[in-house]
Amino acid sequence: MKVLPTEIADVLLLEPRVFGDERGFFLESWNAREFNRAVGSDVQFVQDNHSRSARGVLRGLHYQITQPQGKLVRVVQGRVFDVAVDLRKSSATFGRWFGAELSDRNFRQLWLPPGVAHGFLVLSDSADFLYKTTNYYAPQDERCIIWNDPEIGIDWPLDSEPILSTKDKLGVSFSKAEVFA
């Protein structure tokens, strides 16, 4: 596995080794020993999630405040523009964002440690998105920052208005968001 640092402290872009021939391909999508070596700690995942979204759907920017989740995310069908925003005041990259394309062709995964908000925009007709989390989903604990907050300034690759859930339309600005110490 190739580990690529990003502009945000502790957020990593992971590229698994892919073995392919005329029959198809094989890759190791998860290996605890290799992953823990890459992130420098013993991460324990407790939940796997799978979502499917149509072109133009934008989800996020989501996080949990008192039960923060680390997330390992990947796309198994389609393409998304995946985004992380650092919400850790103690981090040198507090308030910065990073975005990368994840797809069923590049096999990339993104590690988002606890304290980082997450969102994505679907670029293909549809996308199946898988992610592992280090803490259980707690709806009462979930927070959302508005996707287009000018203070964060995410450069989403939009060609029209995104399709948003009611929750995402009601996201707060970065300046009003609860953040981590």
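The values are calculated or read from the model by the stated rules, or taken from the named source; none is laboratory data. Here the structure is a predicted model, which means the values were calculated and not measured. Note that we place each Cβ from the backbone using ideal geometry, even for glycine, and neighbour counts take in every protein chain shown.
Here are some notes:
- Residues within the stretch 123-138 that are under 13 Å from the mean Cα position of the chain (by Cα) and aliphatic (A, V, I, L, M), tallied: 1
- The number of residues in the stretch 2-37 being within 15 Å of the chain's Cα centre (by Cα) and on the phi > 0 side of the Ramachandran plot comes to 1.
- For the stretch 168-176, the criterion of a residue being assigned to a strand (DSSP E or B) and surrounded by 13 or more Cβ atoms within 10 Å (Cβ to Cβ) is satisfied by at least one position.
- In the stretch 111-149, the qualifying residues are those that are in contact with an Asp or Glu (Cβ under 9 Å, 6 or more places away or on another chain), hydroxyl-bearing (Ser, Thr, Tyr) and over 19 Å from Glu161 (Cα atoms), and the one that is surrounded by the most Cβ atoms within 10 Å (Cβ to Cβ) is Tyr131.
- Criterion applied to Arg88, Arg52, Arg96, Arg105 was being in contact (Cβ under 8 Å) with a residue 12 or more places away in the chain, more than 29 Å from Arg17 (Cβ to Cβ) and surrounded by fewer than 18 Cβ atoms within 10 Å (Cβ to Cβ), and the one residue passing it is Arg96.
- Test for Gly40: is it modelled with pLDDT under 95 and either among the β-branched types (Val, Ile, Thr) or on the phi > 0 side of the Ramachandran plot (or both): yes
- Subset of the stretch 132-160 that is part of a loop (DSSP other than H, G, I, E, B) and free of Cβ contacts under 8 Å to residues at least 12 places away in the same chain - its residue that is farthest from Arg74 (Cα to Cα): Pro150
- Contact annotation: residue pairs with Cβ atoms under 8 Å, 6 or more positions apart or on different chains, pairing a residue in the stretch 14-25 that is within 20 Å of Leu112 (Cα to Cα) with a partner that is of a type in the set (Gly, Ala, Ser), are Leu14/Ala38; Pro16/Ser29.
- Of all the residues in the stretch 5-36, those that are touching a strand residue (DSSP E or B) at 6+ places or on another chain (Cβ under 6 Å) and closer than 22 Å to Val83 by Cβ number 9.
- Taking the conditions (1) of a type outside the set (A, V, I, L, M); (2) touching a helix residue (DSSP H, G or I) at 6+ places or on another chain (Cβ under 8 Å); (3) closer than 19 Å to Ile154 by Cβ in turn, Gln64 satisfies each one other than (3).
- In the condition set (1) surrounded by 13 or more Cβ atoms within 10 Å (Cβ to Cβ); (2) more than 22 Å from Tyr136 (Cβ to Cβ); (3) of a type in the set (Ser, Thr, Tyr), Tyr63 is compliant with all but (2).
- Strands (runs of 3 or more DSSP E) contained entirely in the stretch 9-110, each with at least 3 residues that are under 19 Å from Pro162 (Cβ atoms): 47-54, 58-64, 79-86, 97-103
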